[in-house]
Each structure stands twice: as structure tokens, then as C-alpha cells.
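Enquirer: One structure follows; several queries about it will come next.
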Amino acid sequence: MNKGRVSTQFLLCLLMMLLLISGCTNTSDDFIVASSAPNTYSISGAVSGTTGVTINLTGASTASVTTNSSGAFTITGLASGEYTITPVKTGYKFTPSSAAVTVSGGDVTVPDFTATADSSSRYSISGTVSGDVKYQVLVTLSGDGSATTKTDKNGNYTLSNLVAGSYTVTPSLSGYTFSPSSLSPTISTANITGQNFTATAVPVLYDQADLEGIWNINILRKGTARQEWERFRISVDSGGVASCIYHDSSTKVLTSQGTLPAALATGVYSFSVINETMPEGTVIVQINGEKISGTYSSATHQITSCTRGYGGTTEAAHDAGDVVSYYSPTGETTCPSPFTLTFTMAAGVITPSGATAADLGISHMTMTSSKNFIAGTGTRSTDSSYQLAVMQKEVTGTVYTNSDVYNKNFVYHQLQVGKINQWERATGQTDSGGAIRLTSLTTPFGSAADMPKSLGVTFVLSTDTGRVDMSGTVYASFQGFLSDDKKTIVGTYTDNIENYSEVDDGQNDYHLIIFQMDDQTYIADALPGTYVSHFLGIGSQYGGGYFTTTVAGGGGMTFSDFYTSNGSFTIPATTSGSIGASGVVTISGIPSYHGQMSYDGKFIVGTKTLSSGIYALQIDTK
């Protein structure tokens, strides 16, 4: 197959392979969302004490509506973002005089406003927040009136519609301190300006106890002899010692099932097995070095309609008593025993140790400052394979509902290893039932031309645990976890694009995929900071590595502390990066790079081509 020439038919199959479609023949396009426009939401509320109040919206967008005869109002068509609601009517003052509102993937109802007749003059208090943060700082007014608002992208804020009186203005944002901590302006007969604050970031302090809790791990592995995914659910105690709750792997387990009652000559297409426990139907067995596919009947203990020398193995004669082994199609779901894995924290860098750590091959990991997301890489010495791992923490008290994955816009990046080795990125949406629709899809070999496209698969969320599965049977192997902020799904799965019936015979592709819900507006200040970047490169060469990325205020990027398992991989040259309003990160001089900032601004997931024929997935923790 010439992957450099992406035909429409091949792209359709790619869509099915990589976003879990049930078949190339699905051409329906009955997705509820009729266009590729972003999902929008509403802000609603009520004003008591009068009617006909003008409700002004500022922030991520502007609008103005009027309350109805009951005092109610609704502002529709809003993207996720930060807003301020301000009620206005001549001859009235309002409590609060304004309200800061965050729209985050759903409709919002604000607390009621109370109107009181007051014909006195109206004034405002304004100022600027500068320093380590400017945007989305909450500014709270108290005293002779109450209000809240948030700073804009330049750090400016205004509290309006205020009567004369004494007030206190207090800025706040998690992870920052402010100087002064508050100001106390008095309004007499004019607006008050220059109420300014300086923000200072609070250094993030990491502790061993940050690792304590339940974690979901997804690993993608690439080596000469071994390529697969693994996933775990583990519990880590306060000392960093992990215990295994659940384990799954794409590696199929050979389990001895029985023996041949009589010699099996070459060219024989049916035979019997004794002491077997194979399931009915299609099976793949191995005798010595030969794989044989066929149909098993428990009534006759026979495997019939055999294909000898299956999967490129050599057809051979076998003696009576030879062991017949069966390839379990479900993977290894029991936890490894013994399970010896300990995590040691040092300033955000995590070092796994123990026999299980050595078997997993993960040696260097870093935690985001939010302390609920970890990425890492390493080399497994036993088979010289290379790994990329992601850990997500289960945060106590998180409540999941189906609306967390319904009616969402998303971006995904993924890496696949196996028969086809490449990165892929796409944008899409889910409908009111979680069904997935793509609006764009790109691989190293081109972009799909038949977008938008309904895909016929659905997110299935466990509201008890945050686990995410996909509907259908072809991709029953998919399993992911939805983060506590409901914005990131990390998952793994297996497929076989060329023959779905052979998905369990080892001729497969293995995927690590990360979905990010992208329904907010980002500003340029979201990009600067220090990141540790982990990557896995595959294709004509393969290997992993990590390095430090420092992004200055103007977007300038410098790289340091580069480590790689492949000497031909080199540290990027000094360059610059930028972030768009949708959170897409681009890097000057690396046209293949496409990244997506996380909703909380603490990590970036991206894909890029390292050089011709070498494709990488990169995760940057901040």
C-alpha cells in the first residue's frame, strides 16, 4: 500500500481504524449536530424588584438582553469562557451590581439580582492586574455594594453601576498572591481608577503524598520484537508503594489447552484435540512454531477448515502428544504477580522502581502543577523497547454524568504502532447521545477530504468511575479514563484495518489516543512557562526521550536537558511558539507540529514528524 497517496477509500478506513468505527460500509451522516460549528451554551437568571432590566454581557463575547415580565433572562449562543453579567435600569441599583460567570461546557444559571429604587448617580471602580498573571483574575467588591468580575486578557477590570460609598476590592486566583491583597476606595462624586494589583505565582511544592490515591495508567510500547499497549488501575500509598487493582494488555496470552491425540501431517485441514477448553467458533492455535486458524467444535473436539502456516509461520508435521496452545483473544487482565512498583517524588520528577517498573520500562516521569496528570518515557532493557506512559488521578468527590461527554467539541492526537506506524490528529464533536462525528482528520500523508463525517460509534461513560468505553464490538478493546475536570480522555485500543476478523491474531495496530474537549477561548499568555516534554518516535527509526522546554512571554522557545534512547534524535533548535484562541499550539520551523493546550493550561498534547518516516506523539507537562 502506498501510504503517500491517500485515496478516499483508504481515508475512510483510516477513520474507522483510528476512531473506532464499525465498518467501512457505514456511510450514514445522521449526526444531530448539522454543522461543524462549536457547541454553544447559555447564561440565565432573574432580577427581582422590577422588570424591563437591561442585562449586559461582557467578557469572551458581548451581548445585551432585557428581562421579561417575570424578571427572567437568558443569553444564548455562548462559547465556554469567562463573562460578566451587569444589570442596568435607570432609577435602580442592583445587588450584586455585577456577577462573574464561567461557562465550561454547559449552561449556567446565575444567582438572582435584587433591584432597589435609587435615583442617585452611578459610578465605577477600575484598575489593572499585572505580574505573573493577568487574565481571569476574580475581582470581588464588598462594602456598600457587592459585585464580581474577571480581568480581561490585558489584566483590566471595571466594576460599574455603583452608588457613592465605601468599598473593598479584592483580587484572587488559585496559585497566586496579590500585592496589595485588597484596596479600599471611597466613591464620592466621580469614578475611581488606578486600583491596581501585582500578581506573584506561588511556587509549586511537590511532596511524596501527591502520589497517594488511585491512578489510571495507559502505556504505548514500540520495539523490534514487542509492540503493544498496556493499562493499569493502581492504588498508591503515602510512601509511593503501588498495588495493582486492574491490568490489561494487547499482548495475547498463549495458554496450553491440550495435546494432539495423533500425528498431524502437513496439508491436513482438520484435526482433533484432547483436554482442551477452547471456545466455539473461530480459533487460532499454535503447535510448536506453526500457527493454524480454523473453526473449533466442542461437540467433536475438532478444529476444521484449517489454514496451515497461518500468519507467515511454516507448515510442519506434528507428533501425537504435541501441545496445542490457544491464543486468548481477551488479553491479560490479571495483575502481574508479584507486583513490585514504587514511585519516588523529587520536585515534580517521579522515578519508578522495583521489578514491575523494570518490566514496564518507564524510568522518567513528571507531574503537572495540578498534580493529577503524569507523563513519562523509558527503555525496557530486556527487549530494547521504548515506552510512552500517561497517568491520570481519580480525584475523590468527582461526580460524572453523561453530559460530560455529550454535546462536546474535541481534538484528539494519537500514535499507532504495528502494521501501520504513524501519528494522527482530528477535530470532532459528540451529539446529545455521545455519538462521534469528525470535522477534520490529518495524518503525515494528508488530510481527509470527506469531512464532516459521522462515525457510528459512541462514548459510553461509567458515571461511577469515569471509565470511558466505545460502543460496538469491533473496538471492544478501547478503554479510557475521563479526567476530574471532564476535559481529557486518555485511552488505548487495538484494531486491524485490513481484516477486522483477524484483530486478535497479532497482525494488528496498537493505539494511544488522547481526546481533549476544546470549548473555551485561550489567550497568548496561556503558553509561557516551563515544561518537561516526553515523546515516543516510531517508523523507520524509533525511540523515546524527554527534554525541558522554556517558553518566554513573547513565545520564544528554548530547549535543554535533552535525553533520548536514539542518538539520531536531536534537540530542537531555539525557535518560537504561539497559541491560538482554540488552544492549538504551533511551533515556528516545525510545520508538522500540532499541539493542543489542556483546558486547565497544565499540559500540551501534540504530534509531529521528527524526520522523513519518523512520527512522534509528544506530551508536555507544565
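The values are calculated or read from the model by the stated rules, or taken from the named source; none is laboratory data. On a predicted model such as this, the values are computed, not experimentally measured, just so you know. A quick note on method: Cβ atoms are made from the backbone with ideal geometry, for glycine too, and the neighbour counts reach across all protein chains shown. What goes into the accessible areas is simple: the full protein's heavy atoms, side chains included, and nothing from ligands, DNA or RNA. Shrake-Rupley method; radii C 1.70, N 1.55, O 1.52, S 1.80 Å.
Enquirer: For residues in region 62-80 being out of contact with any strand residue (DSSP E or B) (no Cβ under 6 Å at 6 or more places or on another chain) and closer than 30 Å to ASP404 by Cα, which is most open to solvent (accessible area, probe 1.4 Å)?
Expert: Residue satisfying both the conditions and the ranking: THR62.
Enquirer: Still on this structure, I have one more. Given the structure, is VAL273 under 30 Å from ILE489 (Cβ atoms) and surrounded by 13 or more Cβ atoms within 10 Å (Cβ to Cβ)?
Expert: For VAL273, the condition - under 30 Å from ILE489 (Cβ atoms) and surrounded by 13 or more Cβ atoms within 10 Å (Cβ to Cβ) - is not met.
Enquirer: Could you tell me which residue of region 102-133 is farthest from the chain's Cα centre (by Cα), considering only residues that are open to solvent by 60 Å² or more (accessible area, probe 1.4 Å) and either of a type in the set (Ser, Thr, Tyr) or closer than 28 Å to ALA526 by Cβ (or both)?
Expert: My answer is SER119.
Enquirer: Here's something else I'd like to know. Is it the case, given these coordinates, that THR427 is among the hydroxyl-bearing types (Ser, Thr, Tyr), open to solvent by 30 Å² or more (accessible area, probe 1.4 Å), in a strand (DSSP E or B) and closer than 21 Å to THR342 by Cα? Quick ask: steps written out before the conclusion?
Expert: Working: among the hydroxyl-bearing types (Ser, Thr, Tyr): yes; open to solvent by 30 Å² or more (accessible area, probe 1.4 Å): yes; in a strand (DSSP E or B): yes; closer than 21 Å to THR342 by Cα: no.
It is false that THR427 is among the hydroxyl-bearing types (Ser, Thr, Tyr), open to solvent by 30 Å² or more (accessible area, probe 1.4 Å), in a strand (DSSP E or B) and closer than 21 Å to THR342 by Cα.
Enquirer: Of the conditions (1) at pLDDT below 95; (2) buried (at least 24 other Cβ atoms within 10 Å of the Cβ); (3) in contact with a Leu (Cβ under 7 Å, 6 or more places away or on another chain), LEU415 clears all except one; give me its number.
Expert: (1)
Enquirer: Among the residues of region 199-219, what is the count of those that are closer than 19 Å to SER483 by Cα and in a strand (DSSP E or B)?
Expert: 7
Enquirer: Still on this model: Please find, within region 213-229, the residue that is farthest from MET365 (Cα to Cα) out of those that are open to solvent by 20 Å² or more (accessible area, probe 1.4 Å) and among the aliphatic types (A, V, I, L, M).
Expert: My answer is ALA225.
Enquirer: Next question, about the same structure. Is one or more of the residues making up region 545-555 modelled with pLDDT of 90 or more, touching a helix residue (DSSP H, G or I) at 6+ places or on another chain (Cβ under 9 Å) and either open to solvent by 40 Å² or more (accessible area, probe 1.4 Å) or farther than 25 Å from ASN154 by Cβ (or both)?
Expert: No.
Enquirer: Please tell me if ILE192 is surrounded by 14 or more Cβ atoms within 10 Å (Cβ to Cβ), farther than 30 Å from TYR615 by Cα and of a type in the set (A, V, I, L, M, F, W, C).
Expert: yes
Enquirer: All but one of (1) surrounded by 18 or more Cβ atoms within 10 Å (Cβ to Cβ); (2) in contact with an Asp or Glu (Cβ under 6 Å, 6 or more places away or on another chain); (3) over 22 Å from ASN56 (Cβ atoms) hold for LYS150, so report the exception by its number.
Expert: (3)
Enquirer: So which residues in region 355-370 are buried (at least 21 other Cβ atoms within 10 Å of the Cβ), outside any helix (DSSP H, G or I) and of a type outside the set (Ser, Thr, Tyr), if there are any at all?
Expert: Residues satisfying the conditions are GLY361, ILE362, MET365, MET367.
Enquirer: Here is a follow-up. Of all residues in region 371-407 being over 13 Å from ASP484 (Cα atoms) and among the small types (Gly, Ala, Ser), which is surrounded by the fewest Cβ atoms within 10 Å (Cβ to Cβ)?
Expert: Among those that are over 13 Å from ASP484 (Cα atoms) and among the small types (Gly, Ala, Ser), it is SER381.
Enquirer: ILE436: open to solvent by less than 40 Å² (accessible area, probe 1.4 Å), assigned to a loop (DSSP other than H, G, I, E, B) and touching a residue at least 40 places away in the same chain (Cβ under 8 Å), yes or no?
Expert: Here the answer is no, as ILE436 does not meet what is asked.
Enquirer: Between a residue in region 301-330 that is farther than 23 Å from SER249 by Cα and any residue that is modelled with pLDDT of 90 or more and of a type in the set (Lys, Arg), which pairs come within a Cβ distance under 8 Å, given they are 6 or more apart or on different chains?
Expert: Sorted first by the residue in region 301-330, then by its partner, the pairs are GLU315/ARG308.
Enquirer: Every residue in region 234-279 that is part of a strand (DSSP E or B) and of a type in the set (Gly, Ala, Ser), please.
Expert: SER235, ALA242, SER243, SER249, SER256, GLY258, SER272 - these are the residues of region 234-279 that are part of a strand (DSSP E or B) and of a type in the set (Gly, Ala, Ser).
Enquirer: Follow-up question, since we're still on this one. Mind listing whichever residues of region 384-409 are among the hydroxyl-bearing types (Ser, Thr, Tyr) and either in a strand (DSSP E or B) or under 13 Å from the mean Cα position of the chain (by Cα) (or both)?
Expert: Just the residues of region 384-409 that are among the hydroxyl-bearing types (Ser, Thr, Tyr), to begin with: 384-386, 396, 398, 400-401, 403, 406.
SER385, TYR386 - these are the residues of region 384-409 that are among the hydroxyl-bearing types (Ser, Thr, Tyr) and either in a strand (DSSP E or B) or under 13 Å from the mean Cα position of the chain (by Cα) (or both).
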